[in-house]
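Here the structure is laid out as structure tokens; the discussion comes afterwards.
The values are calculated or read from the model by the stated rules, or taken from the named source; none is laboratory data. If you're wondering where the values come from, they're calculated on a predicted model, not measured in any experiment. When we count neighbours, we look across all protein chains shown, and the Cβ atoms used for this are built from the backbone with ideal geometry, even at glycine.
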Amino acid sequence: MKAAFIGLGRMGGNMARRIAQAGLPLGVYNRNPQKCQPLAAFGAAVHTSADEAVENSGVAPEKFYDLMSSTLFTVGFAASLGAKDMGLVRDAAKLARTPMPLASLLEDRFLRALAQGLGEKDWSVIGQLQREDAGL
């Protein structure tokens, strides 16, 4: 069995480090490739994208999207609130003249959820929309 970690922050980085130190097969990806290097020293495969990490983990993409589209967020934090929050983030970014491409992407996803009548669903609706886009 292989494992892959996408994101090597405080939690993911520590879990991945323990798996790598145990000598188990591991793939890693992080937006900042430097965070992957200590794990590579233990034999972890460093991937250049999250998609590559999933593909090489042995996990079927359908299973990955099943996980990402399950209910992972606190009930009550509705997609409609996410749309509002991302709108506020983008407004603040415009005032500061700071690009926020991820906020733009999230706002678009939330607006799509609202257009499909999913505004009262939790944030996992983003994973459901991604799954649909992938044709899964």
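Within the range 119-136, the set of residues being without any contact (Cβ under 8 Å) to a residue 12 or more places away in the chain and among the charged types (D, E, K, R) comprises Glu132, Asp133. Candidates are the residues of the range 61-101 that are closer than 26 Å to Ala3 by Cα and in a helix (DSSP H, G or I); the one that is modelled with the lowest pLDDT is Met68.
Looking across the range 32-51 at every residue that is in contact with a Leu (Cβ under 9 Å, 6 or more places away or on another chain) and not in a helix (DSSP H, G or I), the one that is surrounded by the fewest Cβ atoms within 10 Å (Cβ to Cβ) is identified as Asn32.
For the condition surrounded by 15 or more Cβ atoms within 10 Å (Cβ to Cβ), touching a Lys or Arg at 6+ places or on another chain (Cβ under 9 Å), under 14 Å from Phe5 (Cα atoms) and modelled with pLDDT under 90, Ser57 qualifies.
Checking each residue of the range 81-97 against the condition of being over 21 Å from Glu62 (Cα atoms) and touching a residue at least 40 places away in the same chain (Cβ under 8 Å) gives at least one match.
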